[in-house]
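Derivation of every value follows stated rules applied to the coordinates shown; laboratory data play no part. The shown structure was predicted, so the numbers you read here are calculated from the model rather than taken from an experiment. No Cβ is skipped: glycine too gets one built from the backbone with ideal geometry, and neighbour counts run over all protein chains shown.
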Amino acid sequence: MSPSYWLGYSFFKLCARSLFNYRVIGKENLDVPGGAIIVSNHVSLLDPPFVGVAWDYEIRYLAKKTLFSHPIAGAIFRSWSAIPVDQDRPDMASLKTVIRYVKAGDKVLLFPEGNRAPDGVMQESEPGVGLIITKTNVPVIPVRIFGTYEALPREATFPQPSEVTVVIGKAWHYDATRYTETGKAKRLSIRRCSSRILW
């Protein structure tokens, strides 16, 4: 880990363990060699760091492009090698960056739903993650996080007492032979590919 990443990792892991009785189930599924896509449900601002600290080495995250314009937040996210993404007008630039990092052997955390679920209920996935999966053909590590919506829902300002559990599933491998359609049919298959990993 870089010094900056280690500081953030240590801070969030301490907070998770001391304030939210943080635990990880399925630790045996963490050890996936080489590049991989980590996919998780998304209900709280706590999700990225609390999923990330399950890995004891550096992984990459996506962050809102607007955060990079803030002097302090931007410096922190850049030091963590975060990938800027424009949620209002998604483009191929961020997708290509994710693909490049994954193919280089990094692990990237993605939220297929795109945004935090407003009510804590899992939403339908966006097609972008499915597209990344088809372009990289690397293992997909499914993650389900519990308790962060109760700890810090979307409308809340301050965290509340809660127990947070991160469940790591077995890596899933995309099989291109099952998605042989073209045009609209292929795009629908890619969306189903996105939905397949939300468990």
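Values as computed for the structure displayed
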item: Charge context of Tyr22, other residues only, Cβ under 10 angstrom, K/R +1, D/E -1; result: +2
item: Cβ-based charge dipole, segment 1-118, positive-most Cα from Ala104, Gly52, Pro71; result: Pro71
item: Segment 1-105 - charge dipole about Cα centre, Lys and Arg +1 at Cβ, Asp and Glu -1, debye rounded to 20; result: 120 debye
item: Separation in nanometres of the label points that stand 7 Å from Cα toward Cβ, at Thr180 and Arg78; result: 4.9 nm
item: Förster-model FRET efficiency, 25 Å R0, Thr97 and Tyr57, C-beta, rounded to 0.05; result: 0.80
item: 20 Å Cα-Cα threshold exceeded, pairs from Lys64/Lys103; Lys65/Lys170; Lys96/Lys135; result: Lys64/Lys103; Lys65/Lys170
item: Prolate/oblate/rounded label for segment 125-170 (Cα gyration tensor, a/c 1.5); result: oblate
